[in-house]
Amino acid sequence: MKITTHSEKQTINLGQKLAQNFEGGEIIGLVGELGAGKTNLIKGIGQGLGVKQTITSPTFVLMKVYPLKSLNSKIKRLVHVDAYRLKTGQDLIAIGLQDYLKNSETITVIEWANKIKNILPKKTIFAKIEFTNKPNQRIIKIE
């Protein structure tokens, strides 16, 4: 699937729409240059899942867990990972990422997933976000 967005708001809205299709256990790996819109897409996913806190990139803490309180969904948490500063995925394994990757009550979204691809399950959904020659326009390829 290939989607073009023309603003931060549209990228956030896309994340909200994607979240409506999640059933639990999804792992989404985001790939793109600095400033491509990875965090905006996650903000939208969080909003779509009902996260109340402001979502910011966990660059220095590596992982943030956002609890979800919806009684109508089996999804209980959004896990947001930022692998930008990592050389391997072993640091994420050490802080318990594997527990979340195997959990059907969790949606896991990983920025810079290409850096830790070797520890991600085959079922990981990748979204590549690319700049275009137009300001604020992004092409998002989901595979």
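The values are calculated or read from the model by the stated rules, or taken from the named source; none is laboratory data. Remember, predicted model here, so these are calculated numbers, not experimental data. Quick reminder, even Gly has a Cβ in these numbers, built from the backbone with ideal geometry, and neighbours come from all protein chains shown.
Worth pointing out:
- Residues of the stretch 29-42 satisfying the condition of being assigned to a loop (DSSP other than H, G, I, E, B) and within 19 Å of His6 (Cβ to Cβ): Gly32, Glu33, Gly35, Ala36, Gly37
- Single residue of the stretch 105-143 satisfying the filter (in contact (Cβ under 8 Å) with a residue 24 or more places away in the chain and farther than 24 Å from Ile12 by Cα) that is surrounded by the fewest Cβ atoms within 10 Å (Cβ to Cβ): Asn118
- Residue within the stretch 75-90 that is farther than 24 Å from Gln20 by Cα and assigned to a helix (DSSP H, G or I) present: yes
- Residue pairs whose Cβ atoms lie under 9 Å apart, sitting 6 or more positions apart in sequence or on different chains, and linking a residue in the stretch 61-90 that is farther than 17 Å from Glu26 by Cα to a partner that is among the charged types (D, E, K, R) and surrounded by fewer than 12 Cβ atoms within 10 Å (Cβ to Cβ), are Leu62/Arg85; Lys69/Lys52.
- Considering only residues in the stretch 4-28 that are among the charged types (D, E, K, R) and part of a loop (DSSP other than H, G, I, E, B), the one that is nearest to Val109 (Cα to Cα) turns out to be Glu26.
- Here Lys2, Lys69 are screened, and the one residue that is modelled with pLDDT under 95 and surrounded by fewer than 20 Cβ atoms within 10 Å (Cβ to Cβ) is Lys69.
- Subset of the stretch 32-47 that is without any contact (Cβ under 8 Å) to a residue 60 or more places away in the chain and touching a helix residue (DSSP H, G or I) at 6+ places or on another chain (Cβ under 8 Å) - its residue that is nearest to Ile129 (Cα to Cα): Asn40
- Number of the condition not met by Val61 [criteria: (1) assigned to a helix (DSSP H, G or I); (2) among the aliphatic types (A, V, I, L, M); (3) closer than 19 Å to Lys38 by Cα]: (1)
- Filter result for the condition that a residue is surrounded by 15 or more Cβ atoms within 10 Å (Cβ to Cβ), modelled with pLDDT under 95 and not aliphatic (A, V, I, L, M), over Gly89, Gly44: Gly89
- Taking strands (runs of 3 or more DSSP E) as the structural unit, those lying wholly within the stretch 91-143 and holding at least 3 residues that are farther than 21 Å from Val51 by Cβ correspond to 125-131, 138-142.
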